[in-house]
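Report on one structure; see the data block that follows.
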Amino acid sequence: MSIWTPPVITAIASSDYPADNTLFSTLTLPLDTASAENRWQLERLSGVLSIQSPEGLTQSVDFVGGKSRHRSREAGHGAAPLKKALGISTFEKRHARKPRIIDATGGWGQDAWLMALMECEVTLIEKNPIVHALLADALARAKLDGQCSDVARRISLHNDDACNLLAQLSADVIYLDPMYPHRARKKADSKKSMQILQSLLGPVDDILSRHLLEAAIKNGATRIVVKRPKGATVLEPMSTFSGQLIDIQSPNTRYDVYLKHTD
Ligand SMILES: C[S@@+](CC[C@H](N)C(=O)[O-])C[C@H]1O[C@@H](n2cnc3c(N)ncnc32)[C@H](O)[C@@H]1O
């Protein structure tokens, strides 16, 4: 069995974007001034911070452009199972406000953006510094966009391990979308965005996800939502969970909702 090592990512410095030098030095990446093929690179392309893999895949996060505009419409339609899993309508009826959500597994921020479109305040946590940098760049650009700035301002982003941060933060709902080990085995079938994520993060196992669920259960939030692929096993907490577990199904995804008893 080969041992996984994180990819070495070269940052491409450009005199057009001097502010990026601070980011690149914080990330302690090797620097170059020109792009090259067949290596990992972090580079600003047409104003957008982007990561490129040696295979030529490019990934950035964009909350302003085409796909995200489509997802804005989804917030009212296709995102209904997510909205139900988060319990937004029920919470709003009871408390006359939207729930505050911690999305503890940031990734490419697509789910967090939907939650912010649903007018929820979202604390977004991402532990991988490169993924975090791409998210931060997308949020900064969205905050400058007339149509997106209100949504972007509902999201506060942290670069940390959520297992630590969940002990300090409070929320009404905690949302977890951990990498699922089976997805890694289907590398050839998986989407470009997921392939890049798998390469940046390395192998995943459910034990780490179970620790994350445990940290969520120890937090004061009464509702925890875990996104799983359809047909995947239910994520077991590390200790006994005495609350109620329900699931919300959508075509490719299942949301397991852990409801804690409140006295
Ligand atoms: C499947 S992706 C999430 C995708 C995301 N829901 C979206 O809509 O784009 C999982 C992400 O969670 C992050 N993650 C996993 N465990 C974490 C932890 N303990 N703390 C913070 N981030 C974590 C990984 O680095 C990865 O970027």
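Here are the numbers:
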| quantity | calculated |
| --- | --- |
| Accessible area of region 9-59 divided out per residue, in Å², using a probe of 1.4 angstrom | 54 |
| Scaled radius of gyration (Cα, divided by 2.2 N^0.38 Å) that region 90-164 gives | 1.11 |
| Angle between the chain longest axis and helix 129-143 axis [Cα atoms, degrees, rounded to 10] | 80 |
| Only Lys, Arg (+1) and Asp, Glu (-1) charged, at Cβ; the chain dipole about Cα centre in debye | 880 |
| Relative contact order %, the chain, counting alpha carbon pairs below 8 Å whose residues are six or more apart | 16 |
| Within the accessible area of the chain (1.4 Å probe), percent carbon and sulfur | 51 |
| Heavy atoms of residue 58: accessible area, 1.4 Å probe, square angstrom to 10 | 50 |
| Low-density loop cleavage sites - GluC sites (Glu not before Pro) in region 75-149, where at most 15 other Cβ are within 10 Å (DSSP) | 119 |
| Under the Karplus curve 6.51 cos²θ - 1.76 cosθ + 1.60, θ = phi - 60°, whole-Hz ³J(HN,Hα) for region 118-128, x wherever Gly or Pro sits | 7, 6, 8, 7, 10, 9, 10, 10, 9, 8, 6 |
| Share of pairwise Cα separations in region 113-227, more than 22 Å, in percent | 41 |
| Alpha-carbon radius of gyration plus Dmax, which is the widest Cα pair, for the chain in Å | 18.7, 61 |
| Candidates 29, 176, 135: whichever shows maximal mean-square fluctuation once the chain is modelled as a Gaussian network with Cα springs under 10 Å | 29 |
| In Å, descending, principal axis extents of the Cα set of region 1-137 | 55, 42, 26 |
| Across 93/260; 143/260; 143/230; 230/260; 83/127, pairs whose alpha-carbon gap is larger than 28 Å | 143/260; 143/230 |
| For region 9-59, alpha-carbon Rg over 2.2 N^0.38 Å | 1.03 |
| Nearest 10 degrees, 0 to 90: helix 192-201 Cα axis against the chain principal axis | 90 |
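The values are calculated or read from the model by the stated rules, or taken from the named source; none is laboratory data. As the structure is a computational prediction, the values presented were derived from the model and not from experiment. We place every Cβ from the backbone using ideal geometry, glycine too, and count neighbours over all the protein chains shown. Surface areas here come from the heavy atoms of the whole protein model, side chains and all, with no ligands, DNA or RNA. Shrake-Rupley method; radii C 1.70, N 1.55, O 1.52, S 1.80 Å.
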